[in-house]
Amino acid sequence: MDHKGTMDVDAHRSRGDQAIEERDPAMLQIWMDGKLVPRSEATVSVYDHGLLYGDGCFEGIRAYGGRILKLKSHLARMYESASLIRLAPAFDVDEIEDAIRQTLDANGLTDAYIRLIFTRGVGTLGLHPFRCPTPGTIIIADKISLYPQELYDEGMDIIVAKRPRIPIPCLDPRIKSLNYLNNILAKIEAIDAGVLEAIMLNTDGMVAECTGDNIFMIKDGRIITPDASTGILHGVTRRFVMNEIAPACGYEVEQAHFPIETLLEADEIFLTGTAAEVIGVTKIDDHRIGDGHVGPVTKACIAEFRRRIAEDCPED
Ligand code: PMP
């Protein structure tokens, strides 16, 4: 990947894959259905509906210096996702919180990416979700490689995907489901264009979010992000930025509906996500954003985000 986030497609690996590959696999302990097992024994059945149908939900969570950023919000979203797909988790929220900390400890990790997964569980070959008696529970904790620092300094190039986001009535985007094909197909458009992220519009043509990140724009000193009703994942980092980071920088974030043309005229754009944190965008397709550099508001938000992570890393 070059300094603007353009990449060699063959060399492309997701951030998650990088995380897995960085450690000695034999050493990794995975928490599965109530106990820690070596990675080689952490396998799921071919009859698990998580595999057969993408029937399940997940969270991506980060630990910094031994504290787990916005853990309570991630767990609340996880249990909301489960409830929206009528999956009764095998463990309660306190048990999962303990299990996450146990998994970090077992792997000697204080700075990590944590993947929490509930699968529908083992069933028959038919769709029927309630013929799967026991949901699967998986927690993976591993190191993560961030984007190179240059991308935070100089901004990313991204594209607008042709494929729209699945409309809310078809699949409520509050469900962080194991089926990410809508996003993956948009991600493939990005990869084909030689970049790492793609903006997804909703079926009304309004800007919604990116394939794995929420989006914000700055125009005439105002920070604006697509309204939740555009059909986006309610990002934990989005809310952290709206409620804590932007106000600390002197901004109130507005939520609105706006088309791509408005976004292209923004002074600055940044993305938020658990893996990406806060990162500037300086080019969309062939359009330069603002003056083509990461702007002052984005820089202030990145600095404030990093300060909060280093200082108190709020778990709530
Ligand atoms: N949108 C989508 C589609 C996502 O998958 C994610 C998480 N990777 C986000 C936004 C960002 O959400 P969060 O800040 O909770 O990681």
Using θ = phi - 60° and the Karplus curve 6.51 cos²θ - 1.76 cosθ + 1.60, what whole-Hz ³J(HN,Hα) does each residue of the stretch 39-56 get, with Gly and Pro shown as x?
-> 3, 5, 9, 8, 10, 10, 5, 5, 9, 6, 5, x, 7, 5, 10, x, 8, x
Specify the residue with the greatest mean-square fluctuation among ALA112, ALA256, ALA198, computed from a Gaussian network of the chain linking alpha-carbon atoms under 10 Å apart.
-> ALA256
Total charge dipole magnitude, the stretch 144-195, about the Cα centre, Cβ charges on Lys, Arg, Asp, Glu only, Debye to nearest 20 = 480
Cα-based Rg and Dmax for the stretch 169-249, in Å, come out at 13.6, 39
In a Gaussian network model over the chain where Cα atoms closer than 10 Å are linked, find which of GLY194, GLY136, GLY250 has the largest mean-square fluctuation.
-> GLY250
What FRET efficiency comes out for the pair ALA88/ASP312, r = Cβ-Cβ distance, R0 = 41 Å, nearest 0.05?
-> 0.75
Using alpha carbons only: equivalent-ellipsoid semi-axes of the stretch 55-175, gyration tensor based, whole Å = 28, 23, 12
So for the chain, taking the charge dipole from beta-carbon charges (+1 Lys/Arg, -1 Asp/Glu), which of ALA88, CYS313, ALA161 sits furthest toward the positive end?
-> ALA88
Lys pairs, the chain - Cα-Cα below 17 angstrom, 8 or more residues apart or on other chains | 12
Value of relative contact order over the stretch 24-142, rounded to a whole percent, pairs C-alpha under 8 Å and six or more apart = 36
Between the stretch 194-266 and the stretch 267-292, the Cα center-to-center distance that results, in Å | 11
How high is the relative contact order of the chain, given as a whole-number percent (alpha carbon pairs under 8 Å, six or more residues apart)?
-> 20
Neighbourhood charge, 9 Å Cβ-Cβ cut-off, centred on ALA112 and excluding it, Lys, Arg +1 and Asp, Glu -1 = 0
Full-extension gain in nm, ASP204 to THR110, via 0.36 nm per residue minus C-alpha separation = 29.5 nm
Quotient of Cα radius of gyration and Kirkwood radius for the stretch 149-311, i.e. Rg/Rh, equals 0.93
In a Debye calculation with equal point scatterers on the alpha-carbon sites of the stretch 94-165 and no solvent, what is log10 I(q)/I(0) at q = 0.11, 0.18, 0.20, 0.25 Å⁻¹?
-> -0.57, -0.87, -0.89, -1.02
Mind giving me the nanometre distance, one decimal, between the label points for GLU261 and CYS170, set 7 Å out from Cα along Cα→Cβ?
-> 2.5
What is the magnitude of the charge dipole of the chain about its Cα centre, with +1 placed on the Cβ of each Lys and Arg, -1 on the Cβ of each Asp and Glu, and no other charges, expressed in debye to the nearest 20?
-> 740
What's the angle, to the nearest 10 degrees (0 to 90), between helix 296-311's Cα axis and the longest principal axis of the chain?
-> 30
Which distance in nm do the two modelled labels at ARG101 and ARG131 give, with both placed 7 Å along the Cα-to-Cβ direction?
-> 4.1
Taking Cα atoms, how many degrees apart are the long axis of helix 93-106 and the longest axis of the chain, rounded to 10 and kept between 0 and 90?
-> 90
Which residue, PRO89, PRO247, PRO164, tops the fluctuation ranking in a GNM of the chain built on C-alpha contacts under 10 Å?
-> PRO247
Quick one: if you take sqrt(5λ) for each eigenvalue of the C-alpha gyration tensor of the chain, what semi-axes come out, biggest first, whole angstrom?
-> 32, 22, 19
Calculated FRET value between THR43 and GLN149, using beta carbons and R₀ = 45 Å, to 0.05 = 0.75
Give the relative contact order (percent, whole number) for the stretch 149-311; include only Cα pairs under 8 Å separated by 6+ residues.
-> 25
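FYI, it's all coordinate maths here, none of it is from the lab. Just so we're clear, the structure is a prediction, and the values are computed from it rather than from any experiment. Don't worry about glycine lacking a Cβ; one is built from the backbone with ideal geometry, like all the others, and counts go over all protein chains shown.
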